[in-house]
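Asks: Here it is, the structure in full.
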Amino acid sequence: MTTRRHAGLVGALALALAGSLLTGAAAAQAPAGATAEPASTDEAAKSNESAEYGALIGRYCVTCHNGRLRTAGLSLDDVEVSEAHVAADAELWEKVVQKLRSRTMPPPRRPRPDDDSYRAFASWLETSLDHAADAAPNPGRPQLHRMNRAEYRNAVRDLLALDADVSALPADDSTFGFDNIADALGVSPLLLESYVTTARKISRLAVGSPVIPTVTTTYKTPEDLTQDYHLRELPLGTRGGIRVAEHFPVDAEYEIRVRLRRTAVGTIRGIGEEHHLELTLDGERIGLFPIGSEDAYTALVVNEQNPGQTVSRAFTADEGMRVRLPIPAGRHEIVAAFVGKPAALSEETRKPFLRSYVASNSRRGLPDVDSVLIAGPFDPRRPDDTPSRQRIFTCRPEALGDAAPCARSILSRLGRLAYRRPLEAPEIDRLLAFFEDGSRDGGFESGIELALRFLLASPQFIFRLETEPDELAAGAVYPVSDLDLASRLSFFLWSSIPDEELLAVAERGELGAPDELRRQVRRMLADPRASALVENFAGQWLYLRNLANTHPDPPTFPDFDDNLRRALQRETELFFGSVMTEDRSILELLTADYTFLNERLARHYGIPGIYGDRFRRVAVTEDARRGILGHGSLLTVTSYATRTSPVLRGKWILENLLGSPPPPPPPDVPDLEDAGSAEGLSIRERLEQHRANPACAACHARMDPYGFGLENFDAIGRWRSSSGGEPIDASDVLPDGTAFNGPSELREAILRRPGSFVETFTRKLLTYAAGRGMEYYDAPAVRRIVRAAAEDDYRFSALVDGVVTSDVFRKKVKRPAADAPAEVAVAGQ
């Protein structure tokens, strides 16, 4: 039987300093270049190891961490370094391992062991911790996992062939770097009501209900989008504009209107000469609108009795840019763009900047599309056929008695996909009850619509509920069922529900077999839906989502516009996607000698010979640009609006590449901007002044060197050799004593210990896959994944295989009955 359940600063310093105590110890006994003796089963050998590492602690650590001083509250006078002691306090020793591997302890300018001693002691600790984890596995506590907004949208897309608007759902909170973490995905009455509202809207759209209110939807172009030339993904021969993909719910008439951008005083800019705007629907022209003339800005008297009351056509010239026409239900593409005529650009219009810079009250320049408004439906009719209706209505009742069997067939099939498992009899009966209520007054399709509305707002759809074996005692570790494994796998790789093949394999009980699991992983990574890993995993790990809210200062960076912002994001998405789809080593994320550019981005980087809006693979000839550390997207989101930030860049590297995040700053420490007069000081000098505060020095000594290594890149990712007339100093010394100068040497320093980067990437990927933060007891699983992937050159698929076959992903601990959360109910459907 199985049951489906719903599923301090001083302390941190103490653990960090314990790492320093133990990191240094190996140097006391081992001469330079010595290697650790192989682990022995002989008790004498174990005793010798304990004595050796204990002596190291005594030499490097006890000076500060003793019973008298108790620095950071830690005393190590009588610490016992043995496998039993390590196993008994795994949380402490995992912190120590991290400090050893990152070489961050002992602190700078203190005696340190040599590299062989670091490695030997860290390896001994890891082996001891891994043995303890094997003896007492802990895959982590079970959690109630709700779909986030992206997952809900994707699930609706795959269930109903409908790309739905889910903006009514509140934005998801993020923790541990991702927005799919169960602890952060809370539940509130407002949230559940939002699901009900969204389910009502989606069910009507999917079925094509004619009972849909007339609404106006507005699509705006970004304020800083430059439209002076052809835009990527818009038709050739056009300039500027916008592309809109809209789902029209029913067969009806709709009005499409275009508005042009205004100046601060409300006049349309750039219409001192004639232009033509083309409006198309699915590639077919539905309107061509001339606009502009030499007298467009001429003041016209509107009241002869009051000659001072004037107006010009520039205020209303776009009023006629509207079309009302019948449009069949379904997804359609609308494009509004100007017919391009680049040869007509005057010298006055040709600007020294790539961004369209016209003062907010200026008439100069070219006209831009501001927005497209779609109003409707008018005189709606239920559609005969759409992709959603094809997906839903797989049968039709031929006679009155056929309605219930047909409804059962439809709802059982949709319910199985939505709930990610076969439905139980009471669940089918409940869906049929909703069907009967809806069909009583509205007919067969209205009944399906109401049942579908319940389905999309039900806990079984919204929450990832997993089964628990009744016969196991609380605290027992067990593998999840194949059906639950299928759900975990699809939400990891696709951010969506399992497809028919994955679900069928799970129902047959075959998914748990290692070969079949790997086969499904390969198939799913090759599927276009795996782009969710780029959008949702890489988009958050590499901070690509932050680009939309990044606005460099226009006077300081006059070339930065939305076109460049999109290009920066696209470069990194295509780059990460190539490592994933071509199954390359993840080390190429740091070392790759290629990237993806279009003309706009190539000009930004100063790379000649790249023309057009199409992105293409390009060889990187400048060593400093190799890998993500040379990507403008990352360099921009880790900068301020007016300048670079070695602190932000260094902090990002520590957190996301090296897995060694600094603690948050003390609350009483001022920001760098507020730390006193900085007039005439460089960024380096200001940070040195900031580090004069002992409360700041410890963390900044770790962060700042990594950031200074990237100072040759300005705040929007361009290469520079000087700043403010002074040459750039991109040199520094890392906490482990490695000196470097510039991005290339910084990258080489990071790759001296590639395992740190691979472990950090694996920990991030496992966090995203499991939907929870990694704890100290997950470290052995991470190391096991990395060791296995090393045999395959750390290829992307090898790491994914390691994640999905790990205990963290495949197993769980049975929850005590008293701790099981109450059943979640969704009311008001």
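Asks: Compute, for Met524, the solvent-accessible surface of its heavy atoms (probe 1.4 Å) with the complete set of protein chains present, and express it in square angstrom to the nearest 10.
Replies: About 0 Å², ignoring ligands and nucleic acids.
Asks: So which of Lys220/Lys764; Lys651/Lys811; Lys99/Lys812; Lys95/Lys811; Lys764/Lys814 end up more than 31 Å apart, counting from Cα to Cα?
Replies: Lys220/Lys764; Lys651/Lys811
Asks: Same structure, new question: Counting only the backbone N, which residues of segment 431-475 are under 14 Å from the spot 7 Å out from the Cα of Cys395 toward its beta-carbon?
Replies: 432
Asks: How large a share of the accessible area of segment 563-609, in percent, is made up of carbon and sulfur atoms when the probe is 1.4 Å and the other protein chains stay in place?
Replies: 44 percent
Asks: Volume per residue, Å³, of the convex hull around the alpha-carbon atoms of segment 83-242?
Replies: It is 294 Å³ per residue.
Asks: If R₀ is 35 angstrom, what is the calculated FRET efficiency for the pair Val215 and Ser409, using the beta carbon separation as r and rounding to 0.05?
Replies: Approximately 0.55, to the nearest 0.05.
Asks: When the accessible area of segment 95-248 is split by element with a 1.4 Å probe, what percent falls to carbon and sulfur?
Replies: Percent of accessible area from carbon and sulfur atoms in segment 95-248: 54.
Asks: Mind checking the full-extension length gain between Val477 and Asp173? Use 0.36 nm per residue of separation minus the Cα-Cα distance, one decimal, nm.
Replies: 106.5 nm
Asks: Taking the solvent-accessible surface of protein heavy atoms with a 1.4 Å probe, what is the per residue accessible area of segment 463-602 in Å²? It would help to have the intermediate numbers written out before the result.
Replies: Details: 4730 Å² over 140 residues.
Value returned for segment 463-602: 34 Å² of accessible area per residue.
Asks: In debye to the nearest 20, how big a dipole does segment 527-604 give about its Cα centre with +1 on each Lys and Arg Cβ and -1 on each Asp and Glu Cβ?
Replies: So the magnitude is around 160 debye.
Asks: Tally Lys and Arg at +1 and Asp and Glu at -1 over the other residues with C-beta under 12 Å from the C-beta of Asn598: what net charge comes out? Walk me through the intermediate numbers first.
Replies: Numbers: positive: Arg232, Arg566, Arg570, Arg600, Arg603, Arg614, Arg616, Arg617; negative: Glu233, Glu571, Glu599, Asp613.
So the environment of Asn598 carries a net charge of +4.
Asks: Further question: Shape verdict for segment 479-629, please, from the Cα gyration tensor: rounded (a/c under 1.5), prolate (a/b greater than b/c) or oblate.
Replies: prolate
Asks: Keeping all protein chains in the complex and leaving out DNA, RNA and ligands, what accessible area do you get for Phe315 with a 1.4 Å probe, in Å² to the nearest 10?
Replies: 80 Å²
Asks: Could you work out what % of the accessible surface of segment 399-513 is carbon and sulfur, using a 1.4 angstrom probe and leaving DNA, RNA and ligands out of the count?
Replies: Result for segment 399-513: 55 percent of the exposed heavy-atom area is carbon or sulfur.
Asks: Could I ask something else about it? Between Ser731 and Arg545, how high is the FRET efficiency from 1/(1 + (r/R0)^6) when r is the Cβ-Cβ distance and R₀ = 35 Å? Nearest 0.05. Intermediate values should be presented prior to the final figure.
Replies: Values: r = 32 Å, r/R0 = 0.93.
Efficiency, rounded to the nearest 0.05: 0.60.
Asks: Identify the chymotrypsin sites (Phe, Trp or Tyr not before Pro) of segment 514-598 meeting these criteria: DSSP loop state and at most 15 other C-beta atoms within 10 Å of the C-beta.
Replies: Within segment 514-598, no chymotrypsin sites (Phe, Trp or Tyr not before Pro) qualify (loop, at most 15 other Cβ atoms within 10 Å).
Asks: Based on the Kirkwood radius over alpha-carbon pairs, what value in µm²/s does the Stokes-Einstein equation return for the translational diffusion coefficient of segment 722-792 at 37 °C and 0.692 mPa s?
Replies: D, rounded to a whole number, is 223 µm²/s.
Asks: Between Asp165 and Glu319, what is the FRET efficiency for a Förster distance of 25 Å, r being their Cβ-Cβ separation, to the nearest 0.05?
Replies: 0.35
Asks: Charges only on Cβ, +1 for Lys and Arg, -1 for Asp and Glu: so what's the dipole of segment 694-746 about the Cα centre, in debye to the nearest 20?
Replies: 140 debye
Asks: Probe radius 1.4 Å, ligands and nucleic acids left out: which of Asp623, Asp228, Asp385 has the largest accessible area, and how do the rest follow?
Replies: The most accessible residue leads, giving Asp385, Asp623, Asp228.
Asks: For the full complex of protein chains and a 1.4 angstrom probe, list Glu445, Glu726 by accessible area with the highest value first.
Replies: Result of the area sort, largest leading: Glu726, Glu445.
The values are calculated or read from the model by the stated rules, or taken from the named source; none is laboratory data. Computed from a prediction, not measured in an experiment: that's the story for all the values here. Heads up, the Cβs are rebuilt from the backbone with ideal geometry, glycines too, and the neighbour counts pull from every protein chain shown. Accessible surface is based on the protein model in full, side chains and every heavy atom, while ligands, DNA and RNA are left aside. Shrake-Rupley method; radii C 1.70, N 1.55, O 1.52, S 1.80 Å.
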